[in-house]
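Heads up, the thing below is written out as structure tokens.
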Amino acid sequence: MNRQARLDEIIALLKNNASLRVSDLAAGLNVSKETLRRDLQYLQLKGLLVREYGKARRLEDASKAPEMAFDSRSKSHAQRKTALADTAIGWITPGMCIALDASSTCWHLAKRLADQDLTVYTNSYRICAELEKKTHIRVLCSGGTLDRKFASYINDSPLHMVRHLDIDLFIFSCDGIDAGGNIWDTDNGNALFKKFMLKKSLQSILLVDSSKIERSSEVIIGNVATVTAVIRR
């Protein structure tokens with residue numbers, strides 16, 4: 001199938017589906033995810049679709065404000081995420097320096113985190129706002145370019161600001177774990193943050209709900225074999 005045929009097929013598929021996962025599209029069209037991303041970028045520039053969170057969405061269904069994407073994710077599987085957060089909190093002790101990614105699961109954790117002697121480093125402005133009222137917690141924000149869709153800051157340069165920090169524990173979520181234990185995420189600045197923190201932290205905990213098991217996305221950020229613990233619900 002040549003490129004124009006692929007582009008036509010993508011548009012045809014989106015006429016019958018409000019959104020399609022990048023991984024499913026790539027498999028169905030028998031192309032690499034890199035090739036598909038270039039196709040989707042082209043179609044987005046043409047105003048024919050919108051790319052969001054590992055998906056392609058047809059234009060008429062993409063009218064929601066970008067910041068609603070995080071709100072929707074925070075409500076999805078909320079009970080599971082709360083249970084995951086409660087389990088992860090058991091790993092946290094006063095005096096620690098911890099890092100949290102911009103996932104909605106870690107936002108649930110921040111909401112339930114006791115006001116205690118901690119340093120929290122994050123790339124999530126929602127988590128920063130949640131912890132602002134907990135005056136015993138020192139909050140460090142990565143800064144960078146604001147990504148409203150993910151309620152996060154993306155940029156590689158602010159990561160160098162924390163090279164002097166000793167991160168005791170990195171808590172994060174992901175978009176999927178495949179059969180080989182590879183940890184997948186969407187291809188954006190959030191993945192870069194997670195890769196950096198996995199190398200930087202002394203320990204790491206992956207929080208994942210069962211809907212993400214045996215699922216892939218756009219980019220591999222690591223493998224469960226290198227993570228201290230995987231908490232699953």
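Laboratory data are not the source of any read-out in this text; all were calculated from the coordinates shown. Because the structure is predicted, anything quoted here is derived from the model rather than measured. Please note: Cβ atoms are built from the backbone with ideal geometry, for glycine as well, and neighbour counts cover all protein chains shown.
Semi-axes of the equivalent ellipsoid of segment 3-61: what are they in whole Å, largest first, if each equals the square root of 5 times a C-alpha gyration tensor eigenvalue?
Numbers: eigenvalues 45, 28, 25 Å².
The three semi-axes for segment 3-61 are 15, 12, 11 Å.
Averaged over every viewing direction, what's the projected area of the C-alpha convex hull for the chain? Give it in nm², one decimal, please.
Averaged projected hull area, Cα only: 12.6 nm².
Please give, to one decimal in nm, the separation of the simple spin-label points placed at residue 225 and residue 115, each 7 Å out from Cα toward the Cβ.
Spacing of the two 7 Å Cα→Cβ label points: 4.6 nm.
Net charge near residue 177: determine it from the other residues with C-beta under 12 Å of the C-beta of residue 177, scoring Lys and Arg +1 and Asp and Glu -1.
Local net charge: -2.
When DSSP assigns beta bridges and you keep just the ones with both residues in the chain, what percent turn out antiparallel, to the nearest 5?
On the way: 17 of 38 bridges.
Roughly 45 percent of the beta bridges in the chain run antiparallel, per DSSP.
Going by amide H atoms built from the backbone, whose H comes under 5 Å of the H on residue 121, apart from near neighbours?
For residue 121, the qualifying residues are 98, 99, 100, 140.
So which of 55/195; 81/199; 33/55; 55/212; 15/212 end up more than 20 Å apart, counting from Cα to Cα?
Pairs exceeding the cut-off: 55/195; 81/199; 15/212.
Mean residue ellipticity at 222 nm from the helices of the chain, using -39,500 (n - 2.57) per DSSP H segment of n ≥ 4 over the full residue count, to the nearest 500 deg cm²/dmol?
So the helix-based figure for the chain works out to -10500 deg cm²/dmol.
Report, by chain and number, residues whose modeled amide H sits under 5 Å from the one on residue 223, excluding near sequence neighbours (fewer than 5 apart, same chain).
Sorted by chain and number, the residues that satisfy this are 183.
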